[in-house]
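Please read the structure below before turning to the comments.
The values are calculated or read from the model by the stated rules, or taken from the named source; none is laboratory data. Note that this is a predicted model, so its numbers are computed, not measured. Cβ coordinates were reconstructed from backbone atoms using ideal geometry, including for glycine residues, and neighbour counts include every protein chain displayed.
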Number of protein chains: 2
Amino acid sequence: MKNIIIPVLLFLAFTSFAQTKDTDLVKYVNPLIGTHKMGHTYPGATVPFGMVQLSPETDTLLYEHNGKYNGPVYKYCAGYQYDDPTIVGFSHTHFSGTGHSDLGDFLIMPTTGKLQLNSGTEDHPEKGYRSAFSHENEVAEPNYYRVKLDDHNIIAELTTSSRVGFHQYTFPQSEQAHIILDLTSGIYNYADKNVWTFVRVENDTLITGYRQTSGWARTRTVYFAMSFSKPFVQYGSQDNSKPQVYRGFWGKFDQRKNFPEVAGRQLKFYFDFKTSENEKIKIKFALSPVSTEGALQNMLSEIPHWDFEEVKTNGQQLWNKELGKVVVNTLTPGDKVNFYTAMYHAFLGPTLYMDVNGEYRGLDQNNHKANGFTNYTTFSLWDTYRALHPLFNILQPKRNQDMIQSMIAHYDQSVHHMLPVWSHYANENWCMIGYHSVSVIADAIIKGNANFDVNKALDACVATANQKYYGAIDEYIQLGYVPDEKSGSSVSMTLEYAYDDWCIAQAAKKLNRMDVYDTFMKRSQNWKNVFDANTGYTRPRDGKGVFRKEFDVLSTHGQGFIEGNAWNYSLYVPHDAESMIKMMGGTKRFVTHLDSLFTMYLPDKFFAETEDITREGIIGNYVHGNEPAHHVAYLYNWTNEPWKTQERVRMILKKQYQPTPDGLGGNDDCGQMSAWYIFTSLGFYPVAPGSNEYALGSPAIQKATIALENGKTLIIDTKNQSDKNVYVQKVEVNGQPLKRLHLTHEEIMNGGTVTFYMGSRPKK
Amino acid sequence: MKNIIIPVLLFLAFTSFAQTKDTDLVKYVNPLIGTHKMGHTYPGATVPFGMVQLSPETDTLLYEHNGKYNGPVYKYCAGYQYDDPTIVGFSHTHFSGTGHSDLGDFLIMPTTGKLQLNSGTEDHPEKGYRSAFSHENEVAEPNYYRVKLDDHNIIAELTTSSRVGFHQYTFPQSEQAHIILDLTSGIYNYADKNVWTFVRVENDTLITGYRQTSGWARTRTVYFAMSFSKPFVQYGSQDNSKPQVYRGFWGKFDQRKNFPEVAGRQLKFYFDFKTSENEKIKIKFALSPVSTEGALQNMLSEIPHWDFEEVKTNGQQLWNKELGKVVVNTLTPGDKVNFYTAMYHAFLGPTLYMDVNGEYRGLDQNNHKANGFTNYTTFSLWDTYRALHPLFNILQPKRNQDMIQSMIAHYDQSVHHMLPVWSHYANENWCMIGYHSVSVIADAIIKGNANFDVNKALDACVATANQKYYGAIDEYIQLGYVPDEKSGSSVSMTLEYAYDDWCIAQAAKKLNRMDVYDTFMKRSQNWKNVFDANTGYTRPRDGKGVFRKEFDVLSTHGQGFIEGNAWNYSLYVPHDAESMIKMMGGTKRFVTHLDSLFTMYLPDKFFAETEDITREGIIGNYVHGNEPAHHVAYLYNWTNEPWKTQERVRMILKKQYQPTPDGLGGNDDCGQMSAWYIFTSLGFYPVAPGSNEYALGSPAIQKATIALENGKTLIIDTKNQSDKNVYVQKVEVNGQPLKRLHLTHEEIMNGGTVTFYMGSRPKK
């Protein structure tokens, strides 16, 4: 699919992509990037950090939760795969770039002709309500999506406000026009995923209800209010619940037709219209985490009219505001698309999770009011602590504080007395390992972006790091490492716990809580306990202290690691790279190790063990699509060959980010991959969040102007920049030469100009 | 079981049952009355109109909802059957006297010895947690229940406040003491009734959670907070969900032991203790319709201590206050027990349905705040409009207004634009026929007990009576009757709709809404359309106007009626008895018809068609246990033989109400049977609620002193009263002879004395 030429690129070829005063940046974003293969992004409409992600589903498969990897379903983490020929409908909630999934709530599909309530198959779309479509008739922009549904001769257009999806369907003349609301549809659907659904037809233009599911989020309910621009002629529903729902005295009614209150587990609704040629039927579809009343208030508050263009424009202005925080000149049009699409993906989440009145459903399943902050959900923290939240400390400082307040609210509501691990929609889903909330909190405290109760936040970090039944914390505290027999990811856990502990220590030091500092600095050294000095690799170790004998440094599965083999994961000591290098045999041997990582060929049998990655998604044995390696290319900075960092990061930027639907080699992971792109393009990267340092790389842009929330402006400028001149010869901060290999957070937030002098040869 | 001598009766034989200044009336109540066979009352603890009904379950069977009558389950509408040998546990919600069921939420069972999480069987209680018990070790009083659990050697005691159940378990010395919380248990349980359950162990004494079910109430959730007086040593849980709940990454944990947050469909919890001899473990178990936070606040607000006796005493004082509204002298001790037990049963419901802060879950599944009224639920209106709500207009006028406000709130929240038919826990369950809310509202308006928005209430009545998809209102409006082909209860529907329409007309007249009055007075004559003058019976009629040919006046099933055959139901024109009598051939023939009703023998094949009735529950073909006949004995007042009313009602009182567990011949039906008893004992009865008249009968008490909420006192006095002197010779109101066969509501509410002069022979 590399040959696909995206219309926006064609367009860009004739526009002034290089000009700096361009404020309409939305046009550089291509939401289709990452929608093919492993990116797991969605192409639909949303506003920055919006609650509604209104996007097409190209297939909705059932997941058999038999413990096996379910590849076909896995493809549909975001609902859409670019090479699919049909669209099933448009639903209102999507994750961006995740490697597991949920959501896809409230699928809407407009159809014409014979009413069909099943979705049909890709091979036989005519047997269901789905429709063939073609990319020629598809437009994807920030907060706008348009497609022609060939089988129904309908133009579908989507836009949103924060909490409301706005559909606009242009129908042909038809006596049989339908709009289907399918509550059985969902992403990562299981046969028994719908716990309960409830729908009321309040009047001939207003529908309310909810969908309660148990999936990745174990106990999740989303409420809605749906308003039509035109009264329907009639309506009906179907309940395919198995076992059938006990109907009791509701059995008196024929609930299938024009009956206004239906509940069950497998509900589908249809609404019939008669349409004239090119008649537009519009739908406002509001969500709420709290109630149908909340959803209705969200709708009335955010979109009290029927002007589709106004909603679209408002949302695109919001995007321009966010994208405009960094104005870049790039070397190529594709780079610019990549950059702004990365910005777009980075600012999709965490997502807003409260009604206009501040109410939201909490982890305790009670309703809460967010007092003094905006509540967010969708915390993919194992991914996003690395670069996304650090990026927010620069570009979204206020939002990052709100996110941390949301995490503390989660902690307050948690019976586990824990900060989130991976949380969405009032649920902890326990995905991945570590307790990386503490990194996000420590990073904000260290960087002074901490307008929240910092001591309480530290207490929450400490409590989280001591929750003995989570992960293998109990054993980790007792032994100083996670024993092999406790977990198949024992080494990864140990390494990440140790880093998290160091974060807690850093925050404690800043808050002068020296007892906490001492305890956690000690714990932060635990990575050494899984380091096998004989081999130079971290390695699983049993409870008695014996390193595992059978051990393959290229293998992941069951080898003590997760999403990364020993070759990669042994490099995961971001908080003490110097000691790590010593442990690995010193600088020279370490450089050899790093070099081999990027240059070796990973045999197929090990490649098969990498998760969510295409062959293009790895470079040698370096797996950019999986997060544990994200800091690795920067580690040359701790050797005497930092030019290799510059070389590698420019290569990774080129190889791993293409302005095409299949341009992402791995899951975007809620913006982490994109945040890496943004930092790296700008020439620096937060190797160890929780410190105030950013390792220098090699900027890929020509010039970037960063408007900071504090009113200052930071300019990243380059001299002699080109695709070949990837080696930094000199760096100046406000004209003064920088004599180290990192920038500090203060240097960034004070604004001014950082100038990179580039050259075609390494500055050794 | 008629030989059972209840301790309270023995006790009463030696006490001054006849004294009038007795204020401890609780001792005359025997909550065991009605717990054997068909009464469907429960023996456990509750306060007047309380939200919590904490009562033992003697069996919990699964209902197969295959459309067939499920007798064994039906017995357990209230969870308890007096002749059962075992107790399964104690749950917190029960209906009183219903003929269909639901509830039984949150079963608690204390055990000793080996932990068992299944309940076992009646035959083999040792194979589960249930226990044998004996009535010798059982005490049932208002707001107090005590029983010894033989198999575990535990004394269980129960009491309540409005929203909190208080358990006190006296254990033997045991290293293996357990308290089981079974969320899979319920009344009228179906295999798939539990929609979702969620439990958090907040700390070592506090548990919270909820149970969401779909049964009679289609979408119902009850929240709880449970507090132990002593920390448990350890705890655990089991989830028997089928299909198994997708566990996702929660599968990392062993959720079966000491894991504090569990969700699924079939959850059971246990809490382990070590106990010393006679150690009491207490539990406060609070409910909420809104949230676990609401439940916790209810607990903290209502019972901020651990004094069981205080809670018991407070509740019994509330009962004495309510019971003391009528102080009676009776002819026998048994009559006194019957009277106060009837008062007790009449004041169990409708039940409180809001948190201490006024919040409750509404019919739209949103949370609402009751502003300016107390919100109630459990409206069994087909039963209770007849005598219970009229009784409330005298004895509970404020509460009756609140109940009507609750019904109007239901209307406001109803997508059907209807007042309740049979509603409980934020659900319309559509049980039975008619729209009798309008009778309750009209009765209150007519009687001037209407401190609510009367015009809005009337609008709600009109909207309800015009909801075309409910029942057969559409056809009824078109044809003037419900056609046979539309419903198997077409005649019952027509008759009841016509009565309800008359109620609306009466209220409209009072409010000077003459357009409404005209419309509904016209509709109120529709009963004539199903009256077959040739036979003198009401009879099913098809849409073309043809009366059904095959028709048996003694049969109920499929004959156009429900809970009553033509012989009974033809008498259902309470609002126009005079016309009815004419239609039936005049007074003489009418009296013959009535006489035959009470004296004929109903052949077995027709008896089998009566619902929920024992053979003792019928008198001839008069079925007192079913409501349609409740006014019938009073109809002699419309003839020249009113003395037959006097004779019959005294006979019914004697035959249908015994102070024994099997003393009720039919379902108490949320107090309607009891309200009939109270009115009839006092000598008058509201034949047509919606009028201000009460038909005179024959008082069965010696004297009654009724303390009205308006500060006045009404005395019902009798002269020459005895079991044989059932015939009224003369009635005086405040010394003035009454020259008619009814009392007016004004006469009652003005207080004073009504004196009945009794004799052994009819006054002809």
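Points worth noting:
- Taken together, B:I678, B:I706 contain a single residue that is surrounded by 24 or more Cβ atoms within 10 Å (Cβ to Cβ) and either in contact with an Asp or Glu (Cβ under 7 Å, 6 or more places away or on another chain) or not in a loop (DSSP other than H, G, I, E, B) (or both), which is B:I678.
- Residues that are out of contact with any helix residue (DSSP H, G or I) (no Cβ under 7 Å at 6 or more places or on another chain) and facing chain A (nearest Cβ under 10 Å) within region B:175-196 comprise B:Y190, B:A191, B:D192, B:K193, B:V195, B:W196, listed in sequence order.
- So A:D151, is it touching a helix residue (DSSP H, G or I) at 6+ places or on another chain (Cβ under 7 Å) and at pLDDT 95 or above: yes
- Complete set of residues in region A:236-276 that are in a loop (DSSP other than H, G, I, E, B), more than 11 Å from every other protein chain (Cβ to nearest Cβ) and in contact with a Lys or Arg (Cβ under 9 Å, 6 or more places away or on another chain): A:N240, A:Q266
- Cβ-Cβ contacts under 8 Å between residues 6 or more apart (or on different chains), taken from a first residue in region A:423-448 that is at positive phi and away from chain B (no Cβ under 12 Å) to a second residue that is of a type in the set (A, V, I, L, M, F, W, C) and outside any helix (DSSP H, G or I), are listed as A:Y425/A:A217; A:Y425/A:V222; A:G434/A:V421.
- Qualifying residue in region A:205-223 (condition: surrounded by fewer than 20 Cβ atoms within 10 Å (Cβ to Cβ), in contact with a Pro (Cβ under 6 Å, 6 or more places away or on another chain) and in the same structural domain as A:L117 (by TED's automatic domain parsing)): yes
- Qualifying residue in region B:421-433 (condition: farther than 22 Å from B:T378 by Cβ, touching a helix residue (DSSP H, G or I) at 6+ places or on another chain (Cβ under 9 Å) and at pLDDT 95 or above): no
- Selection within region B:361-386 - assigned to a strand (DSSP E or B) and buried (at least 24 other Cβ atoms within 10 Å of the Cβ): B:R361, B:Y376, B:T377, B:F379, B:S380
- Being in contact (Cβ under 8 Å) with a residue 12 or more places away in the chain, buried (at least 24 other Cβ atoms within 10 Å of the Cβ), touching a helix residue (DSSP H, G or I) at 6+ places or on another chain (Cβ under 8 Å) and within 23 Å of A:K582 (Cα to Cα) is a property that holds for A:Y685.
- Residue within region B:296-309 that is outside any strand (DSSP E or B) and facing another protein chain (nearest Cβ under 10 Å) present: yes
- Residue satisfying all of: in region B:466-475; crowded, with 18+ Cβ neighbours inside 10 Å and in contact (Cβ under 8 Å) with a residue 24 or more places away in the chain; nearest to B:V516 (Cα to Cα) among these: B:I473
- Residues (of a type in the set (A, V, I, L, M) and more than 17 Å from B:Y572 (Cβ to Cβ)) located in region B:459-503: B:A460, B:V462, B:A463, B:A465, B:I473, B:I477, B:L479
- For the criterion of being within 19 Å of A:S291 (Cα to Cα), under 28 Å from the mean Cα position of the chain (by Cα), among the aliphatic types (A, V, I, L, M) and facing chain B (nearest Cβ under 10 Å), A:A217 passes.
- The listed residues are A:I652, A:I748, A:I715, A:I701, and the only one of them that is part of a strand (DSSP E or B) and either of a type in the set (A, V, I, L, M) or over 27 Å from the mean Cα position of the chain (by Cα) (or both) turns out to be A:I715.
For (1) closer than 17 Å to B:T464 by Cβ; (2) surrounded by 24 or more Cβ atoms within 10 Å (Cβ to Cβ), each residue gets a yes or a no:
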{"residue": "B:Y497", "(1), (2)": "yes, yes"}
{"residue": "B:D500", "(1), (2)": "yes, yes"}
{"residue": "B:I504", "(1), (2)": "yes, yes"}
{"residue": "B:R523", "(1), (2)": "yes, no"}
{"residue": "B:N529", "(1), (2)": "no, no"}
{"residue": "B:P540", "(1), (2)": "no, yes"}
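- Qualifying positions in region A:478-506 - more than 26 Å from the chain's Cα centre (by Cα) and either in a helix (DSSP H, G or I) or of a type in the set (K, R) (or both): A:Q478, A:L479, A:K486, A:A505, A:Q506
- Only one entry in A:D552, A:D515 is of a type in the set (D, E) and assigned to a loop (DSSP other than H, G, I, E, B), namely A:D552.
- Scanning region B:739-764 for residues that are out of contact with any Ser or Thr (no Cβ under 6 Å at 6 or more places or on another chain) and closer than 18 Å to B:I394 by Cβ yields a total of 12.
- For first residues located in region A:238-255 and within 15 Å of A:V199 (Cα to Cα), partners that are assigned to a loop (DSSP other than H, G, I, E, B) and of a type in the set (V, I, T) and lie 6+ apart or on another chain with Cβ distances below 8 Å form the pairs A:D239/A:V245; A:N240/A:T184.
- Boolean, A:A463 is at pLDDT below 95 and surrounded by fewer than 24 Cβ atoms within 10 Å (Cβ to Cβ): no
Listed here are the residues, each with its yes/no results for (1) over 21 Å from B:P333 (Cβ atoms); (2) at pLDDT below 95; (3) hydroxyl-bearing (S, T, Y).
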| position | (1), (2), (3) |
| --- | --- |
| B:T660 | no, no, yes |
| B:C670 | yes, no, no |
| B:L682 | no, no, no |
| B:P686 | yes, no, no |
| B:L708 | yes, no, no |
| B:T718 | no, no, yes |
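- If you go through region B:197-214 and keep only what is at negative phi, at the interface with chain A (Cβ under 9 Å from one of its Cβ atoms), part of a strand (DSSP E or B) and over 27 Å from the mean Cα position of the chain (by Cα), you end up with B:F198, B:R200, B:V201, B:T208.
- Residue satisfying all of: in region A:155-174; within 15 Å of A:K230 (Cβ to Cβ) and buried (at least 23 other Cβ atoms within 10 Å of the Cβ); farthest from the other protein chains (Cβ to nearest Cβ) among these: A:F171
- Taking region A:215-235 as the range and being assigned to a loop (DSSP other than H, G, I, E, B), among the charged types (D, E, K, R) and in contact with a Ser or Thr (Cβ under 9 Å, 6 or more places away or on another chain) as the test, only A:K230 passes.
- Residue within region A:412-435 that is closer than 24 Å to A:H575 by Cβ, assigned by TED's automatic domain parsing to the domain that holds A:V632 and part of a helix (DSSP H, G or I) present: no
- Filtered by the rule that a residue be under 38 Å from the mean Cα position of the chain (by Cα) and more than 13 Å from chain B (Cβ to nearest Cβ), region A:223-234 gives A:M226, A:S227, A:F228, A:S229, A:K230, A:P231, A:F232.
- Being charged (D, E, K, R), touching an Asp or Glu at 6+ places or on another chain (Cβ under 7 Å) and farther than 25 Å from A:Y425 by Cα is a description that does not apply to A:D123.
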